[in-house]
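One structure below.
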Amino acid sequence: MSIERTIAESADAYYQALLGSTRGRREGTADPGPWLGYFTRLIASAYAVFAERAAAARTPGTKQERIREHILRHAPRLPLRRHQNSGAGRQRPADPARPGTAKQGR
């Protein structure tokens, strides 16, 4: 998780914190507290995501099993469509000219 992306996703909070920190700058009374609070929460959030991903990387199983588990957990559910008219996997009727024969579907 990049810090730049996190800032971009929380742009309103970023600009509010920046504005709050620069009030009184010309008078010498600016307070860096709002921006430092925002930045501290940002770093804590990014670290939490990092820790979660690092823990997931240490899970047992093969890489293939971990990828499968990740996909099952995070991929959107899509409805399966049955192709009823495709003929796939069905047998065609036997050829009357050749008893005992059945042709496989395409």
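The values are calculated or read from the model by the stated rules, or taken from the named source; none is laboratory data. For clarity, every value in this text was computed on a predicted model and none was experimentally measured. Heads up, the Cβs are rebuilt from the backbone with ideal geometry, glycines too, and the neighbour counts pull from every protein chain shown.
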Practice task
Return the total of residues in the range 28-50 being over 19 Å from Glu4 (Cβ atoms) and either part of a loop (DSSP other than H, G, I, E, B) or of a type in the set (A, V, I, L, M) (or both).
Solution key: 5
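Tell me yes or no: at least one residue of the range 52-63 is among the β-branched types (Val, Ile, Thr), part of a helix (DSSP H, G or I) and more than 28 Å from Ala11 (Cβ to Cβ).
Looking for residues that are among the β-branched types (Val, Ile, Thr), part of a helix (DSSP H, G or I) and more than 28 Å from Ala11 (Cβ to Cβ), one finds none in the range 52-63, hence no.
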Completion exercise
Only one of (1) more than 23 Å from the chain's Cα centre (by Cα); (2) assigned to a helix (DSSP H, G or I) does not apply to Gly24, and that is (2)
Handout entry: the range 52-72, subset more than 17 Å from the chain's Cα centre (by Cα) and among the β-branched types (Val, Ile, Thr), residue surrounded by the fewest Cβ atoms within 10 Å (Cβ to Cβ)
Key = Thr62
Exercise for the section: Evaluate the following for Ala17: is it in a helix (DSSP H, G or I) and out of contact with any helix residue (DSSP H, G or I) (no Cβ under 6 Å at 6 or more places or on another chain)? Expected result: no
Completion exercise
The condition from (1) surrounded by 12 or more Cβ atoms within 10 Å (Cβ to Cβ); (2) among the small types (Gly, Ala, Ser); (3) modelled with pLDDT of 80 or more that Ala94 misses is numbered (3)
Exercise for the section: Return only the number of the condition from (1) part of a helix (DSSP H, G or I); (2) within 15 Å of the chain's Cα centre (by Cα) that Pro76 does not satisfy. Expected result: (1)
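Is it true that Gln16 is of a type outside the set (Phe, Trp, Tyr) and at pLDDT 85 or above?
Taking the combined requirement at face value, the residue satisfies it.
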Fill in the blank from the handout: Within the range 51-89, restricting to residues that are small (Gly, Ala, Ser) and under 23 Å from Ser2 (Cβ atoms), the one that is modelled with the highest pLDDT is Ala51
Practice task
Scan the range 22-38 for residues that are exposed (fewer than 13 other Cβ atoms within 10 Å of the Cβ), under 21 Å from Asp12 (Cα atoms) and not basic (Lys, Arg) and jot them down.
Solution key: Gly24, Pro32, Gly33, Leu36
Exercise for the section: For Asp12, state whether it is in a helix (DSSP H, G or I) and either among the acidic types (Asp, Glu) or surrounded by 14 or more Cβ atoms within 10 Å (Cβ to Cβ) (or both). Expected result: yes
